[in-house]
Amino acid sequence: MEQLSTSAFLPGAFWAPGDGIPAHLLLIWNAIRAPVIAPLLQVVMAVCSTLSVMQFIERIYMGVVIVAVKLLRWTPEKRYKWEAIKDDSEIGNSVYPMVLVQIPMFNEKEVYQWSIRATSELSWPSDRFIIQVLDDSTVPTIQDMVKLECKKWENKGINIKYEVRDNRTGYKAGALKEGLKRSYAKECEYVVIFDADFQPEPDFLQRSIPYLVHNPELALIQARWIFGNTTLTYTLFSSTIQNTDLRIMLSGTYPAMFFAVNSNECMMTRLQEMSLDYHFTVEQEVGSSTYAFFGFNGTAGVWRIAAIDEAGGWKDRTTVEDMDLAVRASLKGWKFLYLGDLQVKNELPSTFKAFRFQQHRWSCGPANLFRKMVMEIARNKKVTLWKKVHVIYSFFFVRKIIAHINTFLFFCVVLPATVWVPEVEIPKWGAVYIPTATSIINAIGTPKSFHLTVFWIMFENVMSLHRAKATLIGLLEGSRANEWVVTEKLGDILKGKSASKANKKPRVRIGDRIHFMELGIGAYLFFCGCYSVLFGKTNFFIFLFVQSLSFFIVGFGYVGTIVPSS
């Protein structure tokens, strides 16, 4: 049999004909490409396109619901009773329900003062709420700092408790669970949770608690997270606060350092804001308006303690203890309410390392929870079939599994591979039109950043590598399924270090900057782009080069902020 030239497979081939092993490999490739590889790739292409359609339909559906909610003015006040809690001259402050405010912490050196100060200044009778600082810090000096801060506010008349454990069993879920076991906690009807970097406005309880008081079917009130850089000014009625010192402090403008947030700190935080804004303005609103169910975000929310108890309490079987509790409470028939106008400021992770660990937990946890609860949800008889379909299909399958896996598989693996297999037909509707429309719908959630949509798409595709991997680990319950790394908060650390190190070159270890997985995918996309330029018949190489550049930028560590070494 006459040996085929490699130029038959690669026009202007990279290797000369008869070059030994490369020629034989290309001969094998040519033999299997059309009859084997092309059909398989075409099937995968069809599957990915179908999954993209499912995502698109989900976005369209949520968009229609949001438009309907706005047009019909279907506000929370129309769906549920709300009436401000007023002072009673006969029973005094007893008219206000007892509220427990939990602040879980773990080595929060830079931000521990934020939530303690903000919650201490809540406009609620001081004898009707208890602040519980759950400190799991492992550094004694940080423990001392947090304890001292609690003591400072206790001396100002705030009922604040500092609690520590001798172990970190269950991580955040374990700390919250232990906190509810305290004798004083058992006197409370509701529990509010704020992570260390969250800063509620003084009227947070006044705006949220009445919904739970007047609507016994509600278990959870979820507030919206915001990340904008502004200084807040509050004017509070002195009658709502018993402590004179607090009335004086709350009548002015807060220092920016206590309400500094970082959406504009770098490009990465801007892009995070785009994703989270869509989550809160659309996904949470739709779940609240149509099914009275959505995933608890783990902080900036108020729970009815009776609902927590009925659902089985906090569990640490996954890294999304908040979502776990929400699903179990929903299956008991409880309803949830999202208040988009009730906003709480917090910090976005600005280092890539912190963001990557956070995304691993947020992607792996839901997939692992889906694996553990799908049959329990399907067999449940307390909720309607429509709600079960929503939770299993929409909430979990489309948003938590398909969205992560399909993005990486489709745009970073399958589509680039088609340049090597010209026999595969690429449907423009599945590869271009639908993904573009889906991305635009998402970007609308943050109008001020709409001009960053292309950057957002490229960065989301890069992060899909980690999300897809984490989702598979969760589904298969791999070794990192229960990995818990607390998201690092920087507070004002960069401001302090930038001045002192302005004339110094930060010491950076290569291992902290180089990410080989991103570099590997970037090289693959770049190689595909080069082949497309040389032998392709379309302009697909533009996408390949831009996307490969995105992977290289992240792979070499040029994303997010860099914290100077001390």
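The values are calculated or read from the model by the stated rules, or taken from the named source; none is laboratory data. Quick caveat, the model's predicted, so the values are computed rather than measured. Using ideal geometry, Cβ is built from the backbone for each residue, glycine included, and neighbour counts are taken over all protein chains shown. All accessible areas refer to the heavy atoms of the entire protein, side chains included, with ligands and DNA or RNA removed. Shrake-Rupley method; radii C 1.70, N 1.55, O 1.52, S 1.80 Å.
Laid out as a table, the results:
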{"quantity": "Residues of the stretch 368-383 satisfying the condition of being touching an Asp or Glu at 6+ places or on another chain (Cβ under 8 Å) and either free of Cβ contacts under 8 Å to residues at least 40 places away in the same chain or open to solvent by 40 Å² or more (accessible area, probe 1.4 Å) (or both)", "calculated": "ARG371"}
{"quantity": "Criterion (under 29 Å from the mean Cα position of the chain (by Cα) and either part of a loop (DSSP other than H, G, I, E, B) or among the β-branched types (Val, Ile, Thr) (or both)) met by exactly one of ILE130, ILE158", "calculated": "ILE130"}
{"quantity": "Boolean, THR50 is at pLDDT below 80 and among the β-branched types (Val, Ile, Thr)", "calculated": "no"}
{"quantity": "Of all residues in the stretch 236-282 being open to solvent by 30 Å² or more (accessible area, probe 1.4 Å) and charged (D, E, K, R), the one that is modelled with the highest pLDDT", "calculated": "ARG270"}
{"quantity": "Verdict on SER123 being over 23 Å from VAL302 (Cβ atoms), out of contact with any strand residue (DSSP E or B) (no Cβ under 6 Å at 6 or more places or on another chain) and open to solvent by less than 50 Å² (accessible area, probe 1.4 Å)", "calculated": "no"}
{"quantity": "Residue match in the stretch 322-334 (condition: more than 24 Å from GLU347 (Cβ to Cβ), open to solvent by 20 Å² or more (accessible area, probe 1.4 Å), β-branched (Val, Ile, Thr) and more than 15 Å from the chain's Cα centre (by Cα))", "calculated": "no"}
{"quantity": "Tally of residues being assigned to a helix (DSSP H, G or I) and open to solvent by 40 Å² or more (accessible area, probe 1.4 Å) across the stretch 414-455", "calculated": "13"}
{"quantity": "Complete set of residues in the stretch 348-367 that are outside any helix (DSSP H, G or I) and either under 17 Å from GLU460 (Cβ atoms) or open to solvent by 20 Å² or more (accessible area, probe 1.4 Å) (or both)", "calculated": "LEU348, PRO349"}
{"quantity": "Selection status of LEU176, open to solvent by less than 10 Å² (accessible area, probe 1.4 Å), within 14 Å of TRP124 (Cα to Cα) and either part of a strand (DSSP E or B) or modelled with pLDDT of 95 or more (or both)", "calculated": "no"}
{"quantity": "Among the candidates ILE60, ILE103, ILE66, ILE85, residue that is within 28 Å of the chain's Cα centre (by Cα), outside any helix (DSSP H, G or I) and surrounded by 13 or more Cβ atoms within 10 Å (Cβ to Cβ)", "calculated": "ILE103"}
{"quantity": "The stretch 544-566, subset closer than 11 Å to PRO416 by Cα and in contact (Cβ under 8 Å) with a residue 24 or more places away in the chain, residue nearest to the chain's Cα centre (by Cα)", "calculated": "GLN547"}
{"quantity": "Residues (open to solvent by 10 Å² or more (accessible area, probe 1.4 Å), of a type in the set (Val, Ile, Thr) and closer than 26 Å to THR119 by Cα) located in the stretch 287-318", "calculated": "ILE305"}
{"quantity": "Residue list for the stretch 106-127, filter: of a type in the set (S, T, N, Q) and assigned to a helix (DSSP H, G or I)", "calculated": "GLN113, SER115, THR119, SER120, SER126"}
{"quantity": "Pair list, Cβ < 8 Å and 6+ apart or interchain, from the stretch 471-500 residues that are closer than 17 Å to ILE142 by Cβ and modelled with pLDDT under 85 to residues that are outside any loop (DSSP other than H, G, I, E, B) and not acidic (Asp, Glu)", "calculated": "GLU488/THR351; GLU488/LYS353; GLU488/ALA354; LEU490/THR351; GLY491/TRP114; ASP492/MET257"}
